[in-house]
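Asker: Following this message is one structure expressed as structure tokens.
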Amino acid sequence: MGEDGENTKINHSFLRDYVTEADVISTVEFNQTGDLLATGDKGGRVVIFQRETESKGESEELGESGEYNVYSTFQSHEPDFDYLKSLEIEEKINKIRWLPQQNAAHFLLSTNDKTIKLWKVSERDKRPEGYNLKDEEGRIKDISTVTSLRVPVLKPTDLMVEVRPRRIFANGHTYHVNSISVNSDGETYLSADDLRVNMWHLDITDRSFNIVDIKPANMEDLTEVITAAEFHPQHCHLFVYSSSKGTLRLCDMRDSALCDKHSKIFEEPEDPGNRSFFSEIISSVSDVKFSHSGRYLLTRDYLTVKVWDLNMEKGPVETYQVHEYLRSKLCSLYENDCIFDKFECVWNSTDSVIMTGAYNSFFRMFDRETGRGVTLEAWRESSKPRAVLRTRRIYTGGRRRRGDVGVDSLDFTKKILHMAWHPAENIIAIAATNNLYIFQDRVNAENM
Amino acid sequence: MFSKGTKRKFSDSDEETSDENLVGARVASSYSLQRQSLLDMSLIKLQLCHMLVEPNLCRSVLIANTVRQIQEEMTHDGSWHMVAEAFCSAGQSPSERLVATEVLCRSREQDAEPKLFSVISYEGCREEEVVADETLCSVSVSDTVSNVCLTGRMGQCWEKSELRGVERDEEVLEDSSLGSGEDDELDTEDEASTESPKTIGQVFGTFEIKNSSPGPDSALEELFSDVDTSYYDLDTMLTGIQSAPKMGPYDLLDSLAPSHSSPSIVSTPNCRSDLNELDHIMEIIVGS
């Protein structure tokens, strides 16, 4: 894999080691064509990158297939305050999801803990000139100076990207929103918090349908929460949600209005040999993604990624160890709260490779055909633009090679939680704290 | 940690047996030490919450489930001792206590979730940074916690005045967890929270005393099979606690570790239970 380019957040590029909390990237998402890449951060801002389309030469192998440059930046959410509970509402963007493009404008949904917003991103490269009543600066003209009438004409100007909020879906959630997912019908989307899943219509902001509610009558009885939810990519009536107990529930909205009763439940029986006090915590699913084909599910729990076949509920069809060497360190990781880190997982465009993040700026890729995994690093010091990423190894015993990293020297503050894979090509976007890395496969276009 | 092979002495077999028992007891107590420290750590995590932002519900639920699991196991091992009388809040009828005890005595296979305690509300919790060293034995709190209100199953909110009565020079853990009444400057930050149970960080509700004998498979049980089980009786165990000054009913952290001696300020709960275990063992060996 080659590295295409490195994009650092703009305002802190001169302070190399100083990371503002607000600049920490909290979500990354490509749009359906892959031309746009959106990132959200803890400060409530969204930065959209656009892929440059002009090719500088005939030969693609020089890596001229477009780089991503900043297209637009806007403040999506502001810090808020819940007066009833006397609690702050963070402006951190939890998720961004693009809508399928229907016209020249692009639409995306962004959400913080409580409120989902629909943004319209449009370009303007013309402006009308020659108004009768206003002058060039927009000031009202003195009527007496107007001697003739003319029709204003559109003149080309510098490209301007406008982002406007089109819908604000507020007050739908009592608990923290962890997922949003656009339905394949193009009209609805779901939003999930810790205890409920709501379905919204994109045009209606004052109403939403509650489709899953796992809140117990007595909060004392609460033992399980919803951790992620997603619509099926093709079937608009199916969606899946994952729980903190490691179960996945596939629900069919045709069954009933309230989908508390699942159609299928995917659960792996616990391995009695590996049982510990942390078994439940590490089984909690932090992310769930349908494959592009719609046939498989990808889940991430603390130590593994698993591939599930929708037709088989009794267990995953594939399990990949992300960082099994951490199993003996679970107590320390529980103590410093790292055990609660929520890693995301992604499919590649052909569903043949899966990827997820780890610690020490490492991320892992697994080839489903060979079953082999590789560890890569997203760290500025060790990679230059256009350098080839070399694989890394964690030393867990046996012969120690140069460059191996010991388990005790892993930096648990450098975690790769958020990532995205281009929908069609082998381009990946990795968020490492406040930096965004975009890596591109250096295969020739003909070979792809 | 401890030597596995003890030197064979040319002495009567009683000493060797007692040595092996000592080793066995140490293994068991090492596990229970770890379990104890995990329990204490979990309770701290639950009780110390950031006030400004709502806590992560998933994290709270997972920690609470871990605590439940530990307490289940400790109950079956017979090492779960609680302050019974203190938990009799006004609204709790004797029949409820009986029901709860029955729940505890049920075997593990029969029920999914024995209600050993109840988590009242996960909302409005604060979180503090807990600085702990590598041994995981000692936990020190970097900040003072405020405004954690622990309520009973009835949803009663403890008056601040009651919590103020908690001994300040108890061990560090307890100090941090029950700082709500003691931290005046932060009281003003959320005036409404003390009235409404939902807005306050709350942890666990009622606890019940397990009066039945300890579980049959417990290693400790074997060790103490010839010991007078009345030792486990609540009255004897709690003499130390009863002599302590008035404390809140949900003084979890203090009551978790069996306290024979008066609690010391600096020593960790693990060291205390360690001492207590060894104390106990020595008493038996020496011959009571």
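The values are calculated or read from the model by the stated rules, or taken from the named source; none is laboratory data. All values reported here derive from a predicted model rather than from experimental measurement. Counting neighbours? That spans all protein chains shown, and the Cβs are built from the backbone with ideal geometry, glycine included.
Asker: State all residues of segment A:212-233 that are within 23 Å of the chain's Cα centre (by Cα) and either within 14 Å of chain B (Cβ to nearest Cβ) or closer than 17 Å to A:Arg254 by Cβ (or both); if no residue qualifies, say none.
Answerer: Answer for segment A:212-233, where residues must be within 23 Å of the chain's Cα centre (by Cα) and either within 14 Å of chain B (Cβ to nearest Cβ) or closer than 17 Å to A:Arg254 by Cβ (or both): A:Val212, A:Val225, A:Ile226, A:Thr227, A:Ala228, A:Ala229, A:Phe231, A:His232.
Asker: Which residues, counting only those in segment A:264-288, are more than 11 Å from chain B (Cβ to nearest Cβ) and crowded, with 20+ Cβ neighbours inside 10 Å?
Answerer: A:Phe266, A:Asp287, A:Val288
Asker: Show the residue pairs meeting these rules: Cβ distance below 7 Å; 6+ apart or different chains; first residue within segment A:387-407 and without any contact (Cβ under 8 Å) to a residue 60 or more places away in the chain; second residue exposed (fewer than 10 other Cβ atoms within 10 Å of the Cβ).
Answerer: A:Arg393/A:Arg401
Asker: Could you tell me which numbered condition A:Ile89 fails, if it satisfies all but one of (1) under 27 Å from A:Trp421 (Cβ atoms); (2) of a type in the set (Val, Ile, Thr); (3) touching an Asp or Glu at 6+ places or on another chain (Cβ under 8 Å)?
Answerer: Unmet condition: (1).
Asker: Okay, moving on. Answer yes or no: is there a residue in segment A:351-369 that is touching a residue at least 24 places away in the same chain (Cβ under 8 Å) and touching a Pro at 6+ places or on another chain (Cβ under 7 Å).
Answerer: The answer is no; no qualifying residue exists.
Asker: Just to be sure, is A:Leu376 in a strand (DSSP E or B), over 17 Å from the mean Cα position of the chain (by Cα) and touching a residue at least 60 places away in the same chain (Cβ under 8 Å)?
Answerer: Yes.
Asker: Next question, about the same structure. Name the pairs: first residue in segment A:324-335 and more than 7 Å from chain B (Cβ to nearest Cβ), second residue of a type in the set (Gly, Ala, Ser), Cβ to Cβ under 8 Å, at least 6 apart or on different chains?
Answerer: A:Leu330/A:Ser276
Asker: Only one residue in A:Lys261, A:Lys306 is more than 14 Å from every other protein chain (Cβ to nearest Cβ), within 24 Å of A:Tyr189 (Cβ to Cβ), out of contact with any helix residue (DSSP H, G or I) (no Cβ under 8 Å at 6 or more places or on another chain) and not β-branched (Val, Ile, Thr). Which one?
Answerer: None of the other options fit; the residue is A:Lys261.
Asker: Let me confirm something: among B:Asp14, B:Asp77, which residue is at pLDDT 55 or above and of a type in the set (Asp, Glu)?
Answerer: Checking each option against the conditions leaves just B:Asp77.
Asker: Check A:Val285, A:Val305 and return the single one that is in contact (Cβ under 8 Å) with a residue 60 or more places away in the chain and not basic (Lys, Arg).
Answerer: A:Val305
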